[in-house]
Amino acid sequence: MTHTKIAVIGGSGIYEIDGLEGAKWQTVDTPWGKPSDAILTGTLDGIEMAFLPRHGRGHVHAPSTVPYRANIDALKRLGCTDVISMSACGSFREAMAPGDFVIVDQFIDRTFAREKSFFGTGCVAHVSVTHPTCPRLGDACETAAKDAGITVHRGGTYLAMEGPQFSTLAESKMYRESWGADVIGMTNMPEAKLAREAELCYASVAMITDYDSWHPDHGEVDVTEIIRILTGNADKGRDLVKRLPALLGAARHDCPHGCDKALEFAILTRPEARDPALVAKLDAVAGRVL
């Protein structure tokens, strides 16, 4: 048994969390480069917390240039055990309206310009992402959202697009009608895959800002309207986060879904054939098995 340390990755509109005791911005060096920003650490209701603004304060990183590997490594290096991803998304479902939250449980990854793994030549590993999010964390996020009075939907498929442009009408209709996606965003991949490689429990909270471009009554995405909804969602998101410590508790037991043992049988490269330089870079992410 270890101690819970909750990491929150804040998406568009969420650049801090409220009420942290002993709050300080901490610079973390990683072998994968610099994270998106310094990481805000402190305690909330006696539970250690870490907050990382995914796009950096001032929103300086586009979806394709977010340093995903450095971000996940830095959180692991700080001793985080559970990662809550907050991100702005468009909706493909009438019932999932702007201002609602969705606890995502599946992804379709359409990104193509990002490094998607910590492993590679010299140390090959294959982790399962059949169920890419942690149900235990999802339960906590759902409960926190309901307690905060947020309209929340449990379960949904997140279509991760490269961006930074929004979808064409044809793409939006295809993702919705043929592919069965529920929400669309630009940042949860490869973030979720990397969290699994780092043996971190990961939950995704999609904060809906718009109906993408498929909806006949809403037309193309209106950025000014998105910003208005985004502001309200950010307030709701911070309210959700402040309820998580009490729900997750200080004592951290093994994940019942095996998220924290994802690398148990994943590394295929024989020890004598492993690249020492790559193994050294994996010290935080895979140190438990290496």
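Based on what the data block shows, is residue 14 part of a strand (DSSP E or B) and either touching a residue at least 60 places away in the same chain (Cβ under 8 Å) or closer than 28 Å to residue 258 by Cβ (or both)? Criteria not met by residue 14. If you check residue 181 against the conditions, is it modelled with pLDDT of 95 or more, in contact with a strand residue (DSSP E or B) (Cβ under 8 Å, 6 or more places away or on another chain) and either under 30 Å from residue 290 (Cβ atoms) or among the aromatic types (Phe, Trp, Tyr) (or both)? When the stated conditions are applied, residue 181 does not pass them. Within region 17-28, the set of residues being in contact (Cβ under 8 Å) with a residue 60 or more places away in the chain and surrounded by fewer than 18 Cβ atoms within 10 Å (Cβ to Cβ) comprises 18, 19.
Restricted to helices (runs of 4 or more DSSP H) entirely inside region 179-290, those with at least 3 residues that are under 30 Å from residue 98 (Cβ atoms), β-branched (Val, Ile, Thr) and touching a residue at least 60 places away in the same chain (Cβ under 8 Å) are 223-242. Note on region 29-46: residues that are surrounded by 19 or more Cβ atoms within 10 Å (Cβ to Cβ) and either among the small types (Gly, Ala, Ser) or touching a residue at least 40 places away in the same chain (Cβ under 8 Å) (or both) amount to 4. Scanning for something in contact (Cβ under 8 Å) with a residue 24 or more places away in the chain, farther than 27 Å from residue 255 by Cα and either polar (S, T, N, Q) or out of contact with any Gly (no Cβ under 6 Å at 6 or more places or on another chain) (or both), does region 68-89 turn up at least one residue? No; the residues of region 68-89 include none that is in contact (Cβ under 8 Å) with a residue 24 or more places away in the chain, farther than 27 Å from residue 255 by Cα and either polar (S, T, N, Q) or out of contact with any Gly (no Cβ under 6 Å at 6 or more places or on another chain) (or both).
The values are calculated or read from the model by the stated rules, or taken from the named source; none is laboratory data. This one's a predicted model, so the numbers in the text were calculated from it and none came from an experiment. Cβ sites come from the backbone with ideal geometry, for glycine too, and all protein chains shown count toward neighbours.
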